[in-house]
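**Q** Pasting in a structure now, in structure tokens, and then I'll have a few things to ask.
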Amino acid sequence: IKLGTVLKKLLKENKLSVRKAANDIGIPQATLNSIVNGRLPRRLDYVLKIASYFNLSLDEMLLGKSKQNISVENLELSPYFDGLVRIKIEKVIGTKSRIKGD
């Protein structure tokens, strides 16, 4: 996810401070600052507000490029979803297991 990188670029291109953008978007300045510095927000609505403010799709905002045509306007929020999902992918290296007694 490239949210922080994309956000830094957008702020620079639009000559916006974190304070001004956070105020315009309606999210805490500390939250926006932490997103710019690479932390993922805990609330999906913050990502939606940021994407809407910069008139970007979610995939452009999160991935830095458009892969699908998912727009903020067409996204339905599930009542079961209250934040971003964090997925951790680990590479598991197989080893022969040794069982005592064999």
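The values are calculated or read from the model by the stated rules, or taken from the named source; none is laboratory data. Note that the structure is predicted; figures quoted are calculated from it, not measured. Using ideal geometry, Cβ is built from the backbone for each residue, glycine included, and neighbour counts are taken over all protein chains shown. All accessible areas refer to the heavy atoms of the entire protein, side chains included, with ligands and DNA or RNA removed. Shrake-Rupley method; radii C 1.70, N 1.55, O 1.52, S 1.80 Å.
**Q** Could you list all residues from segment 29-46 that are at pLDDT below 90 and either acidic (Asp, Glu) or crowded, with 18+ Cβ neighbours inside 10 Å (or both)?
**A** Pro41, Asp45
**Q** If a residue must be open to solvent by 100 Å² or more (accessible area, probe 1.4 Å) and either part of a loop (DSSP other than H, G, I, E, B) or aliphatic (A, V, I, L, M) (or both), how many such residues does segment 1-14 contain?
**A** Selection size over segment 1-14: 2.
**Q** Same structure, new question: Residues of segment 15-28 being surrounded by fewer than 15 Cβ atoms within 10 Å (Cβ to Cβ) and part of a helix (DSSP H, G or I), which ones?
**A** Matches in segment 15-28: Arg19, Lys20, Asn23, Asp24.
**Q** Which residue is nearest to Lys8 (Cα to Cα), if the candidates are limited to segment 47-62 and must be open to solvent by 40 Å² or more (accessible area, probe 1.4 Å) and charged (D, E, K, R)?
**A** Among those residues, the one meeting the criterion is Glu60.
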